[in-house]
1. Among the residues of the range 530-565, which ones are touching a His at 6+ places or on another chain (Cβ under 9 Å), crowded, with 17+ Cβ neighbours inside 10 Å and over 15 Å from Q670 (Cβ atoms)?
2. Against the conditions (1) of a type in the set (A, V, I, L, M, F, W, C); (2) part of a loop (DSSP other than H, G, I, E, B); (3) within 33 Å of the chain's Cα centre (by Cα); (4) more than 30 Å from K49 (Cβ to Cβ), where does V430 fall short? Just the number, please.
3. Within the range 132-139, is even one residue modelled with pLDDT under 90 and either surrounded by fewer than 21 Cβ atoms within 10 Å (Cβ to Cβ) or closer than 24 Å to C298 by Cβ (or both)?
4. Just give me the residues in the range 471-488 being assigned to a helix (DSSP H, G or I) and surrounded by fewer than 24 Cβ atoms within 10 Å (Cβ to Cβ), in sequence order.
5. Got at least one residue in the range 379-386 being among the basic types (K, R), in contact (Cβ under 8 Å) with a residue 60 or more places away in the chain and in contact with a helix residue (DSSP H, G or I) (Cβ under 7 Å, 6 or more places away or on another chain)?
6. State which residue pairs qualify: first residue without any contact (Cβ under 8 Å) to a residue 24 or more places away in the chain and inside the range 331-345, second residue in a helix (DSSP H, G or I) in any location, beta carbons under 6 Å apart, and separation of 6 or more residues or different chains.
7. Quick one: how many residues across the range 353-367 are in contact with a helix residue (DSSP H, G or I) (Cβ under 8 Å, 6 or more places away or on another chain) and either within 17 Å of K254 (Cα to Cα) or surrounded by fewer than 23 Cβ atoms within 10 Å (Cβ to Cβ) (or both)?
8. Filter the range 572-587 down to the residues that are touching a strand residue (DSSP E or B) at 6+ places or on another chain (Cβ under 9 Å) and not hydrophobic (A, V, I, L, M, F, W, C), then identify the one that is surrounded by the most Cβ atoms within 10 Å (Cβ to Cβ).
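The values are calculated or read from the model by the stated rules, or taken from the named source; none is laboratory data. If you're wondering where the values come from, they're calculated on a predicted model, not measured in any experiment. Quick reminder, even Gly has a Cβ in these numbers, built from the backbone with ideal geometry, and neighbours come from all protein chains shown.
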Amino acid sequence: MPSLAATAALALTGSQVIGPLFLGLLLLMAFGAFSRRADQLRRFVMLGKPVQRFDDIPKRIELETTVVLGQRKLLQRFLPGIMHAFIFWGFLVLLTTIVEAFGEVFRDRFAIPLIGHSVALGLIQDVFAALVFVGVELAVFIRKAQKPERFKGSHMAEADFVLLMIMGIVLSLFLLRGAKIALGHSPAPKEWTPISWLFSLIYHPMGAGTIRAFEHLFLWTHIVLILAFLVYIPYSKHLHIFVSEINVFFANTKARGRLRPLHIDMEKIESGDVSLGAATITDLTWKEMLDLYSCTECGRCQNVCPAWNTGKPLSPKLIIMNMRDQLFDEGPKILAAKKRSEEFESTPLNPTVVEDEAVWDCVTCGACMQECPVDIEHIDHIVDMRRNLVMGESRFPQEAGLLLRNLESAQNPWGVSQSERADWAKGLGVRVLEDGRAPEYLYWVGCASSFDDRAKKIAQGVARLLQKAAVPFAILGPRELCNGDPARRMGNEYLYQEMARQNIETLDAAGVKKIVVNCPHCFNTLRNEYPDFGGDYEVIHHTQLFETLMAGGRLRPSAEVNELLTYHDPCYLGRHNGVYDEPRHVLDRIPGLKTTEMPRHHERAFCCGAGGSRMWMEERIGKRINLERTEEAISTGAQAIGVACPYCMIMLDDGAKQAGGQVRVLDVAQVIEQSVGAGEGAAATTGGEASGAASMAPA
């Protein structure tokens, strides 16, 4: 009869064989299921159209460091940011505990080489495991107690299940470490693993055999939960846990306001060999496909969307979620058809997957992309669908048709004759560049400042200030066409490219090197999008130039402007191009002027409602966006709203009239005029120099 020691040795030997075999079987099953799904998801992505995202590697590494590892975007909101950071950072550290758990199946008291069983590692593991647990509790509190409206439409049940799995992984880890401490073979001194030590108190009434049994139970529970998590996530709506890091790496590293050019081959279009924009799911680019996987369903994009906030159907989150569902539904069928060398008739994205109204509601303000923690490019998806609706199907709002006809016939959205483009400058002595070389600056006036009576005052103010500062400049007059931004944002990429090429030809012929603009839409297009078609110029916004001129003493504000003003950040100047400080620095130099910020400002400024060609479309659903923004400005108690964009001036002026308030809307150039005495903008002037206090009445 074998001795007790022999029996124990035999049992130990059996467990040393069975354990690794069982783990091997689990790993084979888990990684088999994971790999199969990962390969399928890869093939879905490869169905997308090509796009260049392998450039600018240093910038992409920086994004991984700041956005992924540093959780920069998430930490902009304290409580949700801390919650997510605790879970994310905790799991990075807990990778070491996973290695230890798998190693213990093969060798009792397994230690990671060099760092294993060290005091520092034990403490770090304990602290970060606790932070993961705290993060899960915060997530439950936010979702179940606070119930933010941004979660509307998200898959809450799946999110709850994922949180439950994470909690199970952490609890099984602490129960495992507690058993080890109770048995006296803790991987680190118990004083340095305080949380695990607390869990060890559970085992004090138990015998060594029972504790040993629990140690094995929680070791395998921990391993099974980890492998189950690995298998579940790729098949769930929370795929972002594995792919968001990849999506951030391939994020757009150019200016946010730049749209991807569409290569237009007329011969292929006429033969039907190429699509214009996104008609079906496979018309998206591979990066847009990756965007669909990456959505966390957090609703931050929805929470800041001007359209959603004013009662319209558009939700950036739901657009991404609906297209992801469409990809997961059709993807396997498309791949199967390709394998059989057959064509698969995909479902149209609009209106089946995304209703037309949602596509046209977008103001392309970029608030969604600013907030998105995983760098999803919502605007690209929406503009690609617009491109198909406009160029492929000729289906768009009635007012949009008028805009496009005006651009085609008159080369401007207002439909006014080009011969009147320089009428705003009559009597100002502004040089119209008809031939010869351009001076230091070409002043690109833009359509709004050329044809809208309110916006003309911006152009006049800019011209007088440039003259006051002795800056050599000229304008193109009738030779300046619309830059094409309204056509491009509307979805007519072909018309945009035609207008862009004509303008670039004119600018190059005039030898233009530097361009000053007062319209952020012109600023964005000339600066970020014309280089794609050979138009490389130094483009500066008028507020940037005025800041330089003031700092150099060429513009000297002297008259006091005793008013309270709140500044509105234009989306295409701020979020799309990062110009926030220069307009404020200019206003800060005006004597007597006091400024106050709206609740939503800088990166989180609320749109005026004009972007994305919405200025030429009616808002028939919900509250008008410009009224929402104007009411926010009025709520500050300011007597004036400062703008740095003619679109914003027009929209907020309309909003002020609708709100019935006395608030005035003034461009930064007009405010400067009040103080420097540059001409009509100055009140109480002597010899061309301002004196005394200036009025804020528009020039």
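1. Across the range 530-565, the qualifying residues are E547, M550.
2. Looking at each condition in turn, V430 falls short on (3).
3. No, every residue in the range 132-139 fails to be modelled with pLDDT under 90 and either surrounded by fewer than 21 Cβ atoms within 10 Å (Cβ to Cβ) or closer than 24 Å to C298 by Cβ (or both).
4. Residues satisfying the conditions are G477, P478, R479.
5. yes
6. Between residues of the range 331-345 that are without any contact (Cβ under 8 Å) to a residue 24 or more places away in the chain and residues that are in a helix (DSSP H, G or I), the close pairs are F344/K333; F344/I334; F344/A337.
7. Total satisfying the criteria: 7.
8. P583
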